[in-house]
Structure formats: structure tokens, C-alpha cells
Amino acid sequence: MGELALIARVKEMLGEPGGRVLTGPGDDAAVVRADGVSVTSIDTVVDGVHFELATHSPADVGHKALATALSDIAAMGAEPGEAYVSLALPDGFGEEAATQLVEAMRALALRTGTTIAGGDVVSGPVLYVSVSVTGWAPGPEQLVYRSGARDGDLVGVTGELGGSGAGLLVLRGAPGSPALVERHRRPQPRLAEGRALAAAGASAMIDVSDGVGTDARHLADSSGVQIEIELAKLPLADGVSDPAFAATAGDDYELLFTALPERRAAIEAAVPVTWLGGVRAGAGAVFRDAAGRVVDLEGFEHVR
Ligand SMILES: [Mg+2]
């Protein structure tokens, strides 16, 4: 199947654009009605680097590419809007596989209120999926940035950690449950949680892509503060027992955030969260064990 025929097939699968999209796939460019400020992020996944087709179906890849892009929109507290998709397909990646990839992407788009408003298909040496997503907010003050954490804030996280990293180990032959594998193959962007945390007054936020160990340091660096986390408080996914693993494995796509202590009740009423520690003057991220000793996470290798 040629690229033009495949583009036509994808366009047919996507159906009518909705919401803000005035002109979607089919013209030279998409036309979208703007709303306050736009929030744009791009994410690319490449076979052999971010996933392996040996352990991921085309549908897993389509889902993951859009999910990881949407996770950045969630981390800003924005409303998801439009996605623009660039696909490079290698020889032998047939129409059936391409259709499954787009169908899984479309299913996640539908579920999250995202419109796939444009894209491109080319041939390439390996499977490559790049997704740009635009989210929307009424104004810049409705968004949550990495730079807003202040001395005295609390630190919290949504969901559970370590599941995706453990799932990758299961794919490589370690014992473990199918739920962990699912967690790795089908991450869920925490869009509703991100908007709820923004509305409830989170002061800084980031999605957990590299692991809480690294992502807490990103928040601390952007805010000019120190973030202190008690390792024993990390919410571990079922089947994960080592908090240091959960802090470093990454790809969980939960939301790590800070908030003033007086926002605690409002946040707990809006989103199930786990409180991990606090913000203070200083620099970097510090992890402590139950005895209060500083734990060096540097020794823990990334699973990837
Ligand atoms: Mg991110």
C-alpha cells in the first residue's frame, strides 16, 4: 500500500474532527479555534530505542506514543486539544499493522477528548512515531509549572510507582504479573488528575517519565528549592517491593507535584494522592530511609 493510500485510509478512520477543529486532515494545514493560551508538547518513540516491536504490538506503540505526549499536557494542568502525528514506517510494516497502530491511538484520543487533527506518513528505516499535542487553558495562570515549588510546600504523587519498570523486566523474562506488562505497554496519561490538581492549587507539577528520583530533581532545579522524599512513603505498584527501584525505573506517567500545606484537604478531596515529603530551602532532591539516613539513588541503574 502506498503512502497516499495509507494517508487516505487513516483519514477515513479518524472520521469527522470535533470541538475546536474547524479543518482537520485533508487540507494543507489544520485550522483550530484558539482558547486562551495553547500548551504544546512533542514526543517521539523509535523502535529499538523507546520500545521493541518484538515485545510491543503496533497497537501498543500507537497508544504509548500518544499517551506519553498527552502526559506532558496533563503535567501542565491543561485541557487536551489536538494531536498531530508523524509516522515513519519500515519495509514490511504492512497496512494491517499501520491500521492497528492508528486505531489504538484513535481509541485513546476519543477517551481523552483529543482530536487527531493532522499528520504525515513516510517510509523510514525503522518504525518511528512522533506526536505533537496541543492543550488549552483560559490563561497562563490556570497552568502549573515546574518552577512554582516553595519552601514549606508538601510533595505528593498520584497513583503507584514502579509498575512500568517491573513490567519491562517481565517482558525480558523476569517473573511477574500480566498487569505489570500492561502497565508498561499501555501507560495512562493522568489528564483529569492534572486538571484537578491545578484547580485545587498545586504549586508545581511534572509527569513521572524518568522516575521520581530524577523528576523530583527537575522540579527542585526549576523552582530553586530542595525536595525531600521519604523512600518508604512511595506508593508501590502490586508486585514491586523495592522503593529505590520504584523511584528510578521510570515510565510510570504519574504526576509528581507540590502544594501549600493549606491546600492539602482540597487536593485530597479532588484526587487520590500519596504524600511523600516536603520542600525546603536548598538544592536538588534528597531521599531518606526510615531511619532518616540519606539514600543515594545514583547507584540504581535505569531499567532502560
Ligand atoms: Mg514531561
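Values as computed for the structure displayed
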quantity: Theoretical ellipticity at 222 nm over the chain - DSSP helices of four or more residues, -39500 (n - 2.57) apiece, nearest 500; calculated: -10000 deg cm²/dmol
quantity: Shape metrics for the stretch 80-193, restricted to C-alpha atoms - Rg then Dmax, Å; calculated: 18.1, 56
quantity: Most positive-pole-ward Cα, LEU171, GLY139, SER57, against dipole of the chain from beta carbon charges; calculated: GLY139
quantity: Full-stretch length increase - GLU182, ASP27 - with 0.36 nm per residue and alpha-carbon distance subtracted; calculated: 52.1 nm
quantity: Gaussian network model of the chain, Cα within-10 Å springs - most flexible of ALA75, ALA269, ALA88; calculated: ALA269
quantity: Sulfur and carbon atoms: percent of accessible area, the chain [1.4 Å]; calculated: 51
quantity: Residues THR44 and ARG264, FRET efficiency given R0 of 35 Å [Cβ-Cβ distance, rounded to 0.05]; calculated: 0.40
quantity: Theoretical gain in end-to-end length, VAL122 to GLU52 [0.36 nm per residue, Cα-Cα removed]; calculated: 23.2 nm
quantity: Inter-label distance for ASP242 and ASP91, nm, one decimal - labels placed 7 Å from Cα along Cα-to-Cβ; calculated: 4.2
quantity: Cα-based Rg / Dmax (Å) for the chain; calculated: 19.9, 63
quantity: Exposure of SER177 as accessible area (Å², to 10), given a probe of 1.4 Å and all protein chains; calculated: 50
quantity: GluC sites (Glu not before Pro) lying in DSSP loop within the stretch 171-229, provided at most 16 other Cβ fall within 10 Å; calculated: none
quantity: Potential extension, ASP221-ALA291 segment - 0.36 nm per residue separation minus Cα distance; calculated: 22.6 nm
quantity: FRET efficiency, ILE7 to ALA192 (Cβ-Cβ, R0 35 Å, nearest 0.05); calculated: 0.60
quantity: Bins of 10 Å from zero: percent of alpha-carbon pairs in the stretch 169-234; calculated: 16, 34, 35, 14, 1
quantity: Pairwise label distance in nanometres, ALA281 with VAL37, each label 7 Å out on the Cα-Cβ vector; calculated: 2.9
quantity: The stretch 1-129 - percent relative contact order, Cα under 8 Å, separation 6 or more; calculated: 35
quantity: Percent of Cα pairs exceeding the 24 Å cut-off, where the set is the stretch 1-122; calculated: 25
quantity: Value of D in µm² per second that Stokes-Einstein yields for the stretch 98-146, Kirkwood Rh from Cα pairs, at 25 °C (0.890 mPa s); calculated: 181
quantity: Å² of accessible area per residue within the chain, as computed with a 1.4 Å probe and no ligands counted; calculated: 44
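The values are calculated or read from the model by the stated rules, or taken from the named source; none is laboratory data. Keep in mind that this is a model prediction, so the values were computed, not measured. As a convention, Cβ positions derive from the backbone with ideal geometry for all residues, glycine included, and neighbour counts pool all protein chains shown. Please note that ligands, DNA and RNA were not included when accessible areas were found on the heavy atoms of the full protein model with its side chains. Shrake-Rupley method; radii C 1.70, N 1.55, O 1.52, S 1.80 Å.
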